[in-house]
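Novice: Have a look at this one.
Nothing in this text is a laboratory measurement; each read-out follows from the coordinates by a stated rule. On a predicted model such as this, the values are computed, not experimentally measured, just so you know. Quick reminder, even Gly has a Cβ in these numbers, built from the backbone with ideal geometry, and neighbours come from all protein chains shown.
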Amino acid sequence: MSDASSAWKDDPFAAAYPETAEFWDAAARGRLLLRTCSDCGKAHWYPRVICPLCGSANLRWAEASGRGTIYAFTVARKAEPTYILAYVTLAEGPRLMTNIVDARFEDLRIGQEVSVRFQPAAEGRMMPFFAPA
Amino acid sequence: MTIKGQACVVGAYEHPTRLAPDKSVAQLHAECAAGALADAGLTLADVDGYFCAGDAPGMAPMWMADYLNLKLSWFNGTEAGGCSYLAHVGHAAAAIAAGKCSVALITLAGKPRSAGQATGTAPRALGPDRPEVPWESSFRWTVAGVYGLMAQRHMHEYGTTPEQMAWVKVAASQHAQHNPNALLRKVVTVDDVVSSPLISDPIRRLDCCVITDGGGAIVLAKPEIARSLARPVVKVVGCGETIATNLGGYVDLTRTGAERSGASAFAEAGIRPADIDYASVYDNFTIMVIMQLEDLGFCAKGEGGRFVADGNLISGVGRLPWNTDGGGLCNNHPMNRGGITKAIEAVRQLRGEAHPAVQVPDCRFALASGPGLVVGGGHNHATVIFERE
């Protein structure tokens, strides 16, 4: 497929989990969805069909703010070019693995505010990278 | 039901090779099995229980059981990464206690070094079958990278320093100088560690374990058999295991499954960390030793850096003799899986067969503990406590 908004449909990592199609569809449009529990009220990561926090199956997709703070970060110095691996704590609560982009390692600090910046995975789906806010 | 005292380690063998391009993985497993059985004074015909993990050919017990032509009444192929073999000790002890088998063999072997594997610094090529992979693979995480995140967070929350982390490697090197089979026998200093090249900040090259070919094996038996053999009797008195999940996105990168596996093992053994004479604690990276010592209860959370500093892990010098074979940091990390060598050195200490320069006098209680797969993501953890009879 040539349309970027549907490239995820050919991505084997997205295709293996049909229950996450809504996430990838939104991601292709630059929107970050979080699987959120209608019983305990909490969002979790990565998206599941059973809430890992309370066990409820009463889940919905809720659009996230796309904002968060850096929980921890490191730089892969053996890679060429180097890149920044990080965990970001989303404003909604969950913590996710990501890369910090458009930033220099030396300029980052724990607790720094970042915002989502979707970039394509090699296989086609759009992934939530983060950049300094 | 408790396994306390109902099974004993009767054989332990660490393959001396660290580079084996001329041997198959099956051959290494077989040589380890033969070595541990010879150590026990038993033969393959005595084995009725077999335990292995994903490093075994075919990733299951079937193929090595066939290769060795074992006559089994029990088998188990629990795959839990590097701590699989510590979990297997617990599973084997439970099987022996339940009468399912009498003599249990555990083997590990592999050849990542001769395969040229960049274990810590190359992103893993994982397929979509594991449910977290689609959400993480694009970020090219590496093993050293994830431990870098953990180390940075631990430093941030507790003030742990690179120099404190370095003390872990210094202690390992002090021990490894006495081990003729150790891959790295050169004694290093704190300055050597903190001036070694950065791999994934704050992890430096000398914070990382070695990559080696090799393997090991352990034989357990019921106490009546153990007491009939010509070896010191080493009882399994406590086992604990857990899977520490990523908590649905609320993971704390400063904590490990040792909190739970350690508490279970200590409760079963009926002793406290202060009773441990010798500890094998998995050292894939220096920070992991600090975090696990906290989580096992050897010191308060956040105090691990101060606990390991100033030689406190060096046998004959510090309060807690640790990884006296040189550990994964200096001696051996066969198939990127350090669980079995942790148990083997604990058995050596309890038997009084460690190198005289590192032997703990009157060693009665020893602990072997470690994680499997990559802490930071979900991981396995297992702890075993042994007692010399």
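Novice: How big is the stretch B:308-389 by the Kirkwood estimate over distinct Cα pairs, in Å? All intermediate terms of the calculation are to be shown ahead of the outcome.
Specialist: Numbers: mean 1/r = 0.0741 Å⁻¹.
When all Cα pairs of the stretch B:308-389 are included, the Kirkwood radius is 13.5 Å.
Novice: Per the Debye formula with a single identical scatterer at each Cα and no solvent contribution, what log10 I(q)/I(0) holds for the protein assembly as shown at q = 0.09, 0.11 Å⁻¹?
Specialist: Result of the Debye calculation: -0.64, -0.93.
Novice: Hand me the GluC sites (Glu not before Pro) from the stretch A:49-133 located in a DSSP loop with no more than 14 other Cβ atoms within 10 Å, in residue order please.
Specialist: Values: sites: A:63, A:92, A:106, A:113, A:123; in loops: A:92, A:123.
Loop-located and lightly packed - none at all.
Novice: I'd like the per residue volume of the convex hull spanned by the Cα atoms of the stretch A:16-96, given in cubic angstrom. Don't skip to the end; give the middle numbers.
Specialist: Working: hull volume 10.2 nm³, N = 81.
Spelled out: Cα convex hull of the stretch A:16-96, divided by residues, is 126 Å³.
Novice: At q = 0.06, 0.11 Å⁻¹, what is the log10 ratio I(q)/I(0) for chain B, with the Debye formula run over Cα points and no solvent?
Specialist: The Cα Debye sum returns log10 ratios of -0.20, -0.69.
Novice: Please tell me the relative contact order of the stretch B:188-271 in percent, rounded to the nearest whole number, where contacts are Cα pairs under 8 Å and at least six residues apart. Write down the numbers at each step before the final one.
Specialist: Working: 49 pairs, mean separation 18.2, N = 84.
It rounds to 22 percent for the stretch B:188-271.
Novice: Where Rh denotes the Kirkwood radius from the mean inverse Cα pair distance, what is Rg over Rh for the stretch B:116-268?
Specialist: Radius of gyration over Kirkwood radius for the stretch B:116-268 works out to 1.03.
Novice: Can you give the longest stretch of chain A with no exposed loop site, where a site means trypsin sites (Lys or Arg not before Pro) in a DSSP loop (not H, G, I, E or B) with at most 13 other C-beta atoms within 10 Å? Please list the in-between numbers first.
Specialist: Working: sites that count: A:29, A:104, A:109.
In short, A:30-103.
Novice: Could I ask something else about it? From the Cα trace of the stretch B:50-180, what convex hull volume per residue do you get, rounded to a whole Å³?
Specialist: Working: hull volume 26.8 nm³, N = 131.
So the per-residue Cα hull volume is 205 Å³.
Novice: Under the Kirkwood approximation applied to all pairs of distinct alpha-carbon atoms, what is the hydrodynamic radius of the stretch B:235-389 in Å? Walk me through the intermediate numbers first.
Specialist: Details: mean 1/r = 0.0656 Å⁻¹.
In the stretch B:235-389 this quantity evaluates to 15.3 Å.
Novice: For the stretch B:104-147, calculate the relative contact order in percent as a whole number, restricting contacts to Cα pairs under 8 Å that are 6 or more residues apart.
Specialist: Values: 23 pairs, mean separation 17.9, N = 44.
Answer for the stretch B:104-147 is 41 percent.
Novice: Please state the Cα pair-distance histogram of the stretch B:23-99 with 10 angstrom bins from zero: what percent is in each bin?
Specialist: 18, 54, 27, 1
Novice: Compute and list, largest first, the equivalent-ellipsoid semi-axes of the stretch B:199-304 from the alpha carbon gyration tensor, each √(5λ) rounded to a whole angstrom. Please report the intermediate quantities before stating the final value.
Specialist: Working: eigenvalues 178, 78, 39 Å².
Semi-axes, largest first: 30, 20, 14 Å.
Novice: What do you get for trypsin sites (Lys or Arg not before Pro) in the stretch B:249-343 restricted to DSSP loop and a cutoff of at most 15 other Cβ within 10 Å of the site's Cβ? Each step should come with its number before you reach the end.
Specialist: On the way: sites: B:255, B:260, B:301, B:306, B:319, B:337, B:342; in loops: B:255, B:301, B:319, B:337.
Passing both the DSSP loop test and the Cβ count: B:301, B:319.
Novice: Still on this structure: Which residue, B:328, B:216, B:249, tops the fluctuation ranking in a GNM of chain B built on C-alpha contacts under 10 Å?
Specialist: Maximum among the listed residues: B:249.
Novice: Using only the Cα atoms of the stretch B:133-223, each taken as one equal point scatterer with no solvent, compute I(q) by the Debye sum, divide by I(0), and report log10 of the ratio at q = 0.15, 0.20, 0.25, 0.26 Å⁻¹.
Specialist: -0.73, -1.00, -1.24, -1.29
Novice: In addition: When you have a sec, figure out the Kirkwood radius of the stretch B:41-84 from all distinct Cα pair distances and drop it here in Å to one decimal?
Specialist: Details: mean 1/r = 0.0925 Å⁻¹.
Hydrodynamic radius (Kirkwood, Cα pairs) of the stretch B:41-84 is 10.8 Å.
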